[in-house]
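The structure appears right after this line, and notes come after that.
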Amino acid sequence: MDKPVFVMDHPLIQHKLTFLRDKNTGSKEFRALVSEIAMLMCYEATRNLPLEEATIETPICAAKTKVIAGRKLAFVPILRAGLGMVDGVLEMVPAAKVGHIGLYRDHKTLQPVEYYSKLPLDINERDVIVLDPMLATGGSAVDAISIIKRSSPKSIKFMCIIAAPEGLEALTKAHPDVQVYCAAVDDHLNEFGYIVPGLGDAGDRIFGTL
Ligand code: PRP
Ligand code: URA
């Protein structure tokens, strides 16, 4: 495995992240930015997909070239905010299947509460990338991955946009086998469990429920 946490500091991602954090960015632009960042992150998160040789005919001659080997991917967004990342990653891997895990954080206890789970039937034959823009205490990601592991996927990666150090510690401790990708590691969590400086409540900003 690569390093357990991979921070994607690509200039395009960092530029878009600045506008995502800005409190003056409205829902329409926020949704577009989440999707674009997810698409760019997917490029890196799929870097180790194995290739196999293929022979095709160009207009000039026969050529030996490469295609992705018959490996199957599934994306699993954590509802609600993870939904904002789905369109972007499907632009990159349109043949992937999509499962859903519904979790919300209880505002008082900050503990995740599960309310929905629907995964592809053949998930045991698939590599899974879990999607959620925010990793705060890590409770939601840890539980979502535990739920997915019960279906024995081939591998699991976790892709978030902003991570708190507290969440990274909890996630890498609970699931050391899961490679984590993020665009930024922020400073800390505040007393309400929000990431500082963060971007506020990702689900509310995506769906306009502020
Ligand atoms: C947010 C976010 C994560 C979770 C992160 O979801 O999208 O799922 O909080 O926090 P944690 O790391 O402390 O668990 P939220 O519970 O606000 O639900 P929503 O997406 O439906 O708004
Ligand atoms: N969930 C969010 O949407 N934002 C945070 O800062 C923490 C949890």
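Laid out as a table, the results:
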| read-out | value |
| --- | --- |
| Residue within the stretch 176-189 that is more than 15 Å from ligand 2 (Cβ to nearest atom), surrounded by fewer than 20 Cβ atoms within 10 Å (Cβ to Cβ) and among the β-branched types (Val, Ile, Thr) present | no |
| Evaluation of residue 138 against (1) open to solvent by 20 Å² or more (accessible area, probe 1.4 Å); (2) under 23 Å from residue 190 (Cβ atoms) (one fails), failing number | (1) |
| Any hit, the stretch 40-55, residues being over 28 Å from residue 127 (Cα atoms) and either open to solvent by less than 40 Å² (accessible area, probe 1.4 Å) or outside any loop (DSSP other than H, G, I, E, B) (or both) | no |
| Which numbered condition residue 150 misses (of (1) away from ligand 1 (no atom under 16 Å from the Cβ); (2) closer than 30 Å to residue 201 by Cβ; (3) surrounded by 13 or more Cβ atoms within 10 Å (Cβ to Cβ)) | (3) |
| Residue count, the stretch 89-124 (criterion: in a loop (DSSP other than H, G, I, E, B) and either within 16 Å of ligand 2 (Cβ to nearest atom) or surrounded by 13 or more Cβ atoms within 10 Å (Cβ to Cβ) (or both)) | 11 |
| Enumeration of residues in the stretch 160-195 that are free of Cβ contacts under 8 Å to residues at least 40 places away in the same chain, among the aliphatic types (A, V, I, L, M) and assigned to a helix (DSSP H, G or I) | 170, 171, 174 |
| Number of the exception - residue 173 against (1) open to solvent by 30 Å² or more (accessible area, probe 1.4 Å); (2) more than 13 Å from ligand 2 (Cβ to nearest atom); (3) under 18 Å from residue 84 (Cβ atoms) | (3) |
| Extreme residue, nearest to residue 106 (Cα to Cα), among residues of the stretch 117-144 that are near ligand 1 (Cβ under 6 Å from one of its atoms) and among the hydroxyl-bearing types (Ser, Thr, Tyr) | 140 |
| Filter result (within 12 Å of ligand 1 (Cβ to nearest atom) and more than 24 Å from residue 42 (Cα to Cα)) within the stretch 167-189 | 189 |
| Hey, residue 206 open to solvent by less than 20 Å² (accessible area, probe 1.4 Å), within 24 Å of residue 107 (Cα to Cα) and either away from ligand 1 (no atom under 11 Å from the Cβ) or part of a strand (DSSP E or B) (or both) or not | no |
| Odd one out for residue 51, checked against (1) under 23 Å from residue 70 (Cα atoms); (2) in contact (Cβ under 8 Å) with a residue 60 or more places away in the chain | (2) |
| From 63, 32, residue being in a helix (DSSP H, G or I), hydrophobic (A, V, I, L, M, F, W, C) and free of Cβ contacts under 8 Å to residues at least 12 places away in the same chain | 32 |
| Condition broken by residue 210, with the remaining ones in (1) out of contact with any Phe, Trp or Tyr (no Cβ under 6 Å at 6 or more places or on another chain); (2) at pLDDT 95 or above satisfied | (2) |
| Residue 76 being of a type in the set (Val, Ile, Thr), crowded, with 22+ Cβ neighbours inside 10 Å, away from ligand 2 (no atom under 16 Å from the Cβ) and part of a strand (DSSP E or B) | yes |
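The values are calculated or read from the model by the stated rules, or taken from the named source; none is laboratory data. Note that the structure is predicted; figures quoted are calculated from it, not measured. Don't worry about glycine lacking a Cβ; one is built from the backbone with ideal geometry, like all the others, and counts go over all protein chains shown. We work out accessible area using only protein heavy atoms, side chains counted, and drop any ligands, DNA or RNA first. Shrake-Rupley method; radii C 1.70, N 1.55, O 1.52, S 1.80 Å.
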